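Input: a single structure, listed below in structure tokens.
The values are calculated or read from the model by the stated rules, or taken from the named source; none is laboratory data. Keep in mind the model is a prediction, meaning the values are calculated, not measured. All Cβ positions, even for glycine, are placed from backbone atoms using ideal geometry, and neighbour counts span all protein chains on display. The area values use the complete protein model at the heavy-atom level, side chains included, leaving out ligands, DNA and RNA. Shrake-Rupley method; radii C 1.70, N 1.55, O 1.52, S 1.80 Å.
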Amino acid sequence: MLRKLAVLTAGAAAAATVAVAVPGVAAALPAANMEAVLLAAQIDPQRADSTQTPGAHDSVLLVEKALQAKGLLDAKYVDGYFGTTTIDAYSKYQKSLGYTGIDASGLPGKTSLEKLGSGQYTVSNVVSAGSHVTYHGVTLNTRTKAMLQAAEKLFGKDVGLTQGSYNPGGVGASAGTHDGGGAFDVSVANMSSATRTEFAKDLRKVGFAAWVRTPSQGDWGYHIHAIAVNDPDLSSGAQHQVGAYYLGQNGLANHGKDDGPAVNPKLTWEQYQRG
């Protein structure tokens, strides 16, 4: 009986070993979190040091390893920090896919992330800008429209817009921030100083980098300038403003201290929706 039991036990162990080694059964690939990668790609290039965006290290590392495998990124930069060198490498990859202009800015999009990760990682927490729509008389994408509507609900009324997204060269003073998606300017003609600040705060609550702009800051009148954090269609200028917002700056060329209403924590639209 003992010998029979030993034979059966050995047979079961052998069967288990064979089951693990069945040809064609691939190990599960790790997942690159697109939300985290996008946020790092906006914040890290604006840092004065190599501090990494919290929660992004593992996902950024997957992307950097894939860029290295394609000969686009030196091994010393495969570190989980999505700085300017990684931005440049990702831009080169986008151009290799035939992308141009804003689509090759180095800010990862769903399609390029998935193609880059083929056989190496999957993509989770996908962020989509959606289609172009008209809202309050200007062009936005569906993600930005939904975010603005959420802010208007918090504010208790609709607002007017003076400039939208996808408007290359539309207003010179905007320095290209409206060339891509996620950007708009709010008319404050019928708002008091207090209500301007209130709406800027509501915009920040739902995932915008938003500031009340004043005539003393540049060649413009009073308005609220807003950029949707983590919009994958952002122009390079808009990406820089998001990074500045997260680092406590005003998003202007002087890199001054953030003069907008404080919100804690700063959120993306997806984080706001999850509560």
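Any chance you could count how many residues in the stretch 118-147 are in contact (Cβ under 8 Å) with a residue 60 or more places away in the chain and not β-branched (Val, Ile, Thr)? Qualifying residue count for the region: 11.
Among the candidates Ser165, Ser192, Ser187, which residue alone is free of Cβ contacts under 8 Å to residues at least 40 places away in the same chain, in the same structural domain as Ala238 (by the TED database) and in contact with a strand residue (DSSP E or B) (Cβ under 8 Å, 6 or more places away or on another chain)? Matching residue, one of Ser165, Ser192, Ser187: Ser187. Report, by residue number, each residue of the stretch 184-201 that is open to solvent by less than 20 Å² (accessible area, probe 1.4 Å) and either within 19 Å of Asp259 (Cβ to Cβ) or among the hydroxyl-bearing types (Ser, Thr, Tyr) (or both). Within the stretch 184-201, Asp185, Val186, Val188, Phe199, Ala200 qualify. Looking across the stretch 93-110 at every residue that is of a type in the set (A, V, I, L, M, F, W, C) and closer than 12 Å to Ser235 by Cα, the one that is nearest to the chain's Cα centre (by Cα) is identified as Leu107. Among the residues here, Leu203 does not qualify as farther than 24 Å from Thr111 by Cα and outside any helix (DSSP H, G or I).
Have a look at Lys110, Lys70, Lys115, Lys92 and point out the one that is in contact with a Phe, Trp or Tyr (Cβ under 7 Å, 6 or more places away or on another chain), more than 26 Å from Val186 (Cα to Cα), basic (Lys, Arg) and surrounded by fewer than 20 Cβ atoms within 10 Å (Cβ to Cβ).
Values: Lys110 fails: in contact with a Phe, Trp or Tyr (Cβ under 7 Å, 6 or more places away or on another chain); Lys115 fails: in contact with a Phe, Trp or Tyr (Cβ under 7 Å, 6 or more places away or on another chain); Lys92 fails: in contact with a Phe, Trp or Tyr (Cβ under 7 Å, 6 or more places away or on another chain).
Testing whether each residue is in contact with a Phe, Trp or Tyr (Cβ under 7 Å, 6 or more places away or on another chain), more than 26 Å from Val186 (Cα to Cα), basic (Lys, Arg) and surrounded by fewer than 20 Cβ atoms within 10 Å (Cβ to Cβ) leaves just Lys70.
In this structure, Ala150 does satisfy being farther than 22 Å from Gly109 by Cβ and in contact (Cβ under 8 Å) with a residue 40 or more places away in the chain.
The condition of being surrounded by 14 or more Cβ atoms within 10 Å (Cβ to Cβ), farther than 22 Å from Tyr272 by Cα and of a type in the set (A, V, I, L, M, F, W, C) holds for only one of Val159, Val123, Val127, Val138, that being Val138. Of all residues in the stretch 219-258, those that are charged (D, E, K, R) and either surrounded by 15 or more Cβ atoms within 10 Å (Cβ to Cβ) or assigned to a helix (DSSP H, G or I) (or both) total 3.
Tallying residues that are of a type outside the set (A, V, I, L, M) and under 14 Å from Phe208 (Cα atoms) within the stretch 234-247 yields 6.
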